[in-house]
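Enquirer: One structure follows; several queries about it will come next.
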Amino acid sequence: MQEEYIDIVDSKGKPIGKSELKSIIHQKGYYHHTAHLWLYTKQGEILLSQRSAKKSICPLMWDVSVAGHIDAGETPKQAAIRETKEEIGLTLIESDLNPIGVFECFQSYKNGIVDNEFHNTFMAHLKEPLSKLQPQEEEVEALKLVTLQHFESLIKSIGNNGNHFVPSNKMYYELIFEKIKNAID
């Protein structure tokens, strides 16, 4: 796979007019944007994605339904749609995406990666059964649906719940829970 170019932004998330390879962005800790998509069913379930064992950051961790970097020149919605098609084989259109917000996530990892991201976060109604989704092997190890109640219990037990969710992002997950709960009600 060819490495992608990503737009560099300042510490407030504003573009500075330069792009760089993803590897350089993570090596130098440049600020950049990502797209997150949380998929939910009308039955009150949330789709969780297990990161591939091949990932350099948080391998095998269960997390957001779909996530990925926003390529240079791409909008957050375009990135969310592209990543959803690439990672789980689901086709969406822009009107399917409901914006939740943009969230700062600045973290460094033991392997030297400095990840200074702004998560452009959306949610969407999952209309396809789990069996129709096709996880991309390089990105996704497995997919599962969890009930809202289970999702909430995973948040409450963050850091000690079988490799679900990055512990430092608890407030983010709590907000996601509230937004999806309100969308389902």
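The values are calculated or read from the model by the stated rules, or taken from the named source; none is laboratory data. What you see is a predicted model, and the numbers here were worked out from it, not measured in a lab. Here the Cβ is made from the backbone with ideal geometry for all residues, glycine too, and neighbour counts use every protein chain on show. These accessible areas exclude ligands, DNA and RNA; they are computed on the full protein's heavy atoms, side chains included. Shrake-Rupley method; radii C 1.70, N 1.55, O 1.52, S 1.80 Å.
Enquirer: Of all residues in region 130-142, how many are closer than 25 Å to Phe118 by Cβ and open to solvent by less than 70 Å² (accessible area, probe 1.4 Å)?
Expert: Residues meeting the conditions: 3.
Enquirer: Moving to a separate point now. Can you tell me which of (1) of a type outside the set (Ser, Thr, Tyr); (2) part of a loop (DSSP other than H, G, I, E, B); (3) open to solvent by less than 10 Å² (accessible area, probe 1.4 Å) is the one His32 doesn't meet?
Expert: His32 satisfies all of (1) of a type outside the set (Ser, Thr, Tyr); (2) part of a loop (DSSP other than H, G, I, E, B); (3) open to solvent by less than 10 Å² (accessible area, probe 1.4 Å) except (2).
Enquirer: Within region 87-98, track down each residue that is on the phi < 0 side of the Ramachandran plot and over 13 Å from the mean Cα position of the chain (by Cα).
Expert: Leu90, Thr91, Leu92, Ile93, Glu94, Ser95, Asp96, Leu97, Asn98
Enquirer: Which of the numbered conditions does Leu60 fail, given that it passes all the others? Conditions: (1) over 25 Å from Glu152 (Cβ atoms); (2) touching a Lys or Arg at 6+ places or on another chain (Cβ under 8 Å); (3) part of a loop (DSSP other than H, G, I, E, B).
Expert: Evaluating Leu60 over (1) over 25 Å from Glu152 (Cβ atoms); (2) touching a Lys or Arg at 6+ places or on another chain (Cβ under 8 Å); (3) part of a loop (DSSP other than H, G, I, E, B) leaves (1) as the failure.
Enquirer: What is the number of the single condition among (1) over 25 Å from His32 (Cα atoms); (2) within 15 Å of the chain's Cα centre (by Cα); (3) part of a loop (DSSP other than H, G, I, E, B) that Gln136 does not meet?
Expert: (1)
Enquirer: Separate question: Looking at (1) at pLDDT below 95; (2) part of a helix (DSSP H, G or I); (3) open to solvent by 60 Å² or more (accessible area, probe 1.4 Å), which one does Ser153 not meet, given that it meets all the others?
Expert: (3)
Enquirer: Is it the case that Ser95 is without any contact (Cβ under 8 Å) to a residue 24 or more places away in the chain and loosely packed, with under 13 Cβ neighbours inside 10 Å?
Expert: Yes, satisfied.
Enquirer: Separate question: Could you figure out which of (1) touching a residue at least 40 places away in the same chain (Cβ under 8 Å); (2) within 18 Å of Gln43 (Cα to Cα); (3) in contact with a Leu (Cβ under 7 Å, 6 or more places away or on another chain) isn't true of Phe122?
Expert: (2)
Enquirer: Right, something else. Which condition breaks for Cys105 when tested against (1) modelled with pLDDT under 95; (2) open to solvent by 30 Å² or more (accessible area, probe 1.4 Å); (3) within 26 Å of Thr147 (Cβ to Cβ)?
Expert: All conditions pass for Cys105, except number (2).
Enquirer: Would you check if there is a residue in region 70-87 being touching a residue at least 60 places away in the same chain (Cβ under 8 Å), more than 14 Å from Leu37 (Cα to Cα) and surrounded by 15 or more Cβ atoms within 10 Å (Cβ to Cβ)?
Expert: yes
Enquirer: Separate question: How many residues does region 163-174 hold that are open to solvent by less than 60 Å² (accessible area, probe 1.4 Å) and touching a residue at least 60 places away in the same chain (Cβ under 8 Å)?
Expert: So the count comes out to 5.
Enquirer: Which members of region 35-56 meet the condition of being of a type in the set (Gly, Ala, Ser), open to solvent by 50 Å² or more (accessible area, probe 1.4 Å) and touching a residue at least 60 places away in the same chain (Cβ under 8 Å)?
Expert: Ala53 - this is the single residue of region 35-56 that is of a type in the set (Gly, Ala, Ser), open to solvent by 50 Å² or more (accessible area, probe 1.4 Å) and touching a residue at least 60 places away in the same chain (Cβ under 8 Å).
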